[in-house]
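One structure below.
Read-outs throughout are calculated quantities, based only on the coordinates presented, and are distinct from any laboratory measurement. Here the structure is a predicted model, which means the values were calculated and not measured.
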Amino acid sequence: MNPSFTYSYNCKKKVTNKMVKCECPSCFFEFELDDGTIEGEVIPCPDCVVDLEIVKIEGDVATAQVAEMSEEDWGE
Ligand SMILES: [Zn+2]
């Protein structure tokens, strides 16, 4: 296996250097995601500091939902 494959993959992600906008569903503050933010990542809202999970990134718009870290209802 060529180790440079992984490297070029990371590179490709970096070349996509565009601002992704996201709106906080809690306070409706619109902000830009850090470069390299991926779906599934949990980030704090810059305004109300609630934990936001990035559920979807489409083009330059990301969809976030409030991450509920304290509640875990995985099985009954
Ligand atoms: Zn917020």
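General remarks:
- DSSP bridge pairs, the range 19-66: antiparallel proportion in percent, nearest 5: 85
- Between amide H atoms placed 1.01 Å from N, distances below 5 Å from E41 occur with I54, all of them 5 or more places distant or on a separate chain.
- For the range 53-65, putting each phi into the Karplus relation 6.51 cos²θ - 1.76 cosθ + 1.60 with θ = phi - 60° gives couplings of 9, 7, 8, 7, 10, 10, x, 10, 10, 10, 9, 10, 10 Hz, in residue order, rounded to whole numbers and with x for Gly and Pro.
- If the convex hull is drawn through the Cα atoms of the range 19-66, its volume per residue in Å³: 56
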